[in-house]
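Input: a single structure, listed below in structure tokens.
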Amino acid sequence: MSTENSAPETVTPAPESAAPSAPAAAPSERPQREHRGGQGGFRGQGGRGPGGHRGPRRDNRDKPKEGDGPTMIEKVVFINRCAKVVKGGRRFSFAALAVVGDGKGKVGIGYGKANEVPDAIKKGTANAHKHLVNVKLKGDTIPHDVFGQYDGGKVLLKPASPGTGLIAGGAVRAVLEAAGVKNVLTKSMGSSNHIAVVHATLNGLLQLRLAENIAALRSST
């Protein structure tokens, strides 16, 4: 026999790239997630609980709190539009008549002008807040009959029993609601101009006097 056939078999080592990879980690060997408490509050690697994100932040700083101040009643009585003719066409501007009150005997009237309606309302409301006055009320009605006048506006106000309601309309109703009057009879007998009627109503409310006020005035004299 020749030596070529009896030579021992040699095993060639496999290249490094073909080396068998390390066995994959068993499911039981995965890193444990950290428990954060709460309902389902687990946090994995790089995650923030279920879904990997936080929910919307709850912030109560913008919510109104008790003691922020009385709630004011704001009403727009009338919006007037004025058109100015210019070379390119017509240019419009707006004026707003607003009434503001706290519903407890405090009321004010304001007038604002601007090129846009929202700006005019904002100016009128701000002007009304600057001119708040106190009126004398007897419960939810007025203490006695009164007749208010302003320019061409004339308004008659009469007290009414509980359950009657606010028998008024238009500008008179807006002023009385803002002042806090709930039972009253009214009659507008003069001009129908909104500005005149509003100021005539306020003029009548400013004439009101309570019985104790009159008694104190008489005792002082």
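Here is a yes/no grid of residues against (1) in contact with a strand residue (DSSP E or B) (Cβ under 9 Å, 6 or more places away or on another chain); (2) modelled with pLDDT of 95 or more; (3) not acidic (D, E):
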{"position": "G110", "(1), (2), (3)": "yes, yes, yes"}
{"position": "G152", "(1), (2), (3)": "no, no, yes"}
{"position": "G163", "(1), (2), (3)": "no, no, yes"}
{"position": "G170", "(1), (2), (3)": "yes, no, yes"}
{"position": "H199", "(1), (2), (3)": "yes, yes, yes"}
{"position": "T221", "(1), (2), (3)": "no, no, yes"}
Worksheet item: Does at least one position in the range 123-135 carry a residue that is assigned by TED's automatic domain parsing to the domain that holds V100 and among the basic types (K, R)?
Response: yes
Practice task
Take V181 and decide whether it is touching a helix residue (DSSP H, G or I) at 6+ places or on another chain (Cβ under 7 Å) and either part of a strand (DSSP E or B) or crowded, with 19+ Cβ neighbours inside 10 Å (or both).
Solution key: no
Every listed condition ((1) of a type outside the set (F, W, Y); (2) over 18 Å from K75 (Cα atoms); (3) in contact (Cβ under 8 Å) with a residue 24 or more places away in the chain) holds for D145 save (3)
Is it fair to say G112 is assigned to a strand (DSSP E or B) and buried (at least 18 other Cβ atoms within 10 Å of the Cβ)?
-> yes
Apart from one, (1) surrounded by fewer than 18 Cβ atoms within 10 Å (Cβ to Cβ); (2) within 23 Å of the chain's Cα centre (by Cα); (3) closer than 16 Å to G180 by Cα all hold for D119; the odd one out is (3)
In the range 184-207, anything of a type in the set (A, V, I, L, M) and either part of a loop (DSSP other than H, G, I, E, B) or not assigned by TED's automatic domain parsing to the domain that holds P159 (or both) is listed as M189
Of the candidates F78, F92, the one satisfying the condition of being within 27 Å of G124 (Cα to Cα), at pLDDT 60 or above, within 26 Å of the chain's Cα centre (by Cα) and surrounded by 10 or more Cβ atoms within 10 Å (Cβ to Cβ) is F78
Picked from the range 190-221 (must be over 21 Å from N134 (Cβ atoms) and exposed (fewer than 12 other Cβ atoms within 10 Å of the Cβ)), the residue nearest to the chain's Cα centre (by Cα) is S192
Taking the range 157-189 and keeping residues more than 22 Å from L132 (Cβ to Cβ) and in contact (Cβ under 8 Å) with a residue 40 or more places away in the chain leaves N183
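The values are calculated or read from the model by the stated rules, or taken from the named source; none is laboratory data. Nothing here was measured: the structure is a model prediction, and the numbers come from that model. Virtual Cβ from ideal backbone geometry, glycine too; neighbours counted across all protein chains shown.
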